[in-house]
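The values are calculated or read from the model by the stated rules, or taken from the named source; none is laboratory data. Note that this is a predicted model, so its numbers are computed, not measured. For neighbour counting, all protein chains shown are included, and Cβ atoms are generated from backbone atoms with ideal geometry for every residue, glycine included. Just so you know, the surface numbers come from the protein's heavy atoms only, side chains and all, with ligands and any DNA or RNA stripped out. Shrake-Rupley method; radii C 1.70, N 1.55, O 1.52, S 1.80 Å.
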Amino acid sequence: VDIVKGFCTLCKFSEAKKFLVDNDVDITCPYNALLGAYCSYGNLAAAKDLFDDMFERSLTDSLSWNFYIRCLCEIGDIKKALEVLCRMIVFSFLPDSTTYSALIIGRCKQDELDDAILLFNQVQQKCDVLDSVSYAELVRCLSYNEKIQEAAEIYCYMSGKQVALQSTSFDLFIKGLCAIREVKSAIRFLSLAHCSGTSYSSVAYYSIMRVLSKLEKADDLLVVLSRMIVDGCPVEEETYFILIVL
């Protein structure tokens with residue numbers, strides 16, 4: 001496995017495959033290492049050929065199926081991913097949180113957000129969690145499409161599971177809350193961010209301070225500004241502009 005990963009790190013995929021063939025490897029893990037690398041680099045054709053070869057040799061496991069499904073979802077081919085999912089279930093491999101995470105990415109890439117939310121609800125019912133990439137993509141897409149309540153519910157659940165959200169998605173989420181004047185909720189979610197290990201930039205603070213400025217809540221704005229400074233966010237031109245306008 002380490003040798004295959006080494007070849008893949010150097011982008012020597014043909015050498016990695018030749019190594020497996022020359023040594024007559026008949027266990028799953030090394031092939032999964034190569035399959036995962038193909039998928040990470042977006043080489044769908046090579047991933048499909050390798051997966052089909054593994055399937056014919058009875059070398060596939062749940063990880064193999066999930067790698068292939070994720071690869072299809074990353075390029076937005078949700079239809080093909082669902083076909084592979086059906087085959088996966090027929091061959092007695094049940095979908096898990098990794099599978100759902102992949103499918104949610106596929107749904108988001110097709111702007112099928114209602115279906116993505118349904119998939120998340122299934123994850124929640126199983127008390128599982130999404131991986132960080134699908135979590136960030138789902139919150140980002142919901143926030144961008146002004147489905148702020150849904151994004152808030154997902155954020156609360158994942159924060160309760162101590163899963164951090166990528167800062168760019170969190171900033172967009174806070175911006176969406178502020179756009180609908182839910183500034184109190186936005187401030188509360190900043191505290192949740194600390195608890196779950198989510199980092200955020202000054203963009204989140206600016207979004208909150210702009211709304212407080214429009215509402216002429218100077219005292220609250222200065223409290224948020226103090227917290228921003230304590231958190232180590234730089235006081236830039238945007239901050240001074242908000243204070244001058246106020």
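Between Ser159, Ser185, which is over 27 Å from Ile69 (Cα atoms), in a helix (DSSP H, G or I) and of a type in the set (Ser, Thr, Tyr)?
Ser185
Inside segment 57-132, counting only helices (runs of 4 or more DSSP H) that do not spill past its ends, which hold 1 or more residues that are closer than 24 Å to Ala45 by Cβ, in contact (Cβ under 8 Å) with a residue 24 or more places away in the chain and not small (Gly, Ala, Ser)?
The qualifying helices (runs of 4 or more DSSP H) are 62-74, 78-90, 97-109.
Anything in segment 161-192 that is over 25 Å from Leu246 (Cα atoms), surrounded by fewer than 22 Cβ atoms within 10 Å (Cβ to Cβ) and in contact with a Leu (Cβ under 9 Å, 6 or more places away or on another chain)? List them, or say none.
Correct list: Val163 only.
Restricting attention to segment 162-182, which residues are assigned to a loop (DSSP other than H, G, I, E, B) and within 22 Å of Asp128 (Cβ to Cβ)?
Residues satisfying the conditions are Gln162, Val163, Ala164, Leu165, Gln166.
How many of the residues in segment 159-184 are farther than 21 Å from Thr239 by Cα and polar (S, T, N, Q)?
Residues that pass the stated criteria total 4.
Regarding Ser201, is this residue at pLDDT below 85, open to solvent by 20 Å² or more (accessible area, probe 1.4 Å) and either in contact with a Leu (Cβ under 8 Å, 6 or more places away or on another chain) or within 14 Å of Asp171 (Cα to Cα) (or both)?
Judged against the criteria, Ser201 is a match.
Please state which one of Phe55, Phe51, Phe93 is among the aromatic types (Phe, Trp, Tyr) and either closer than 21 Å to Arg107 by Cα or out of contact with any helix residue (DSSP H, G or I) (no Cβ under 6 Å at 6 or more places or on another chain) (or both).
Phe55
Take segment 24-45 and flag every residue that is at pLDDT below 95 and either crowded, with 21+ Cβ neighbours inside 10 Å or in a helix (DSSP H, G or I) (or both).
Selection gives Cys39, Ser40, Leu44, Ala45.
For segment 210-229, which residues satisfy the criterion of being open to solvent by 80 Å² or more (accessible area, probe 1.4 Å), of a type in the set (Asp, Glu) and part of a helix (DSSP H, G or I)?
Asp219
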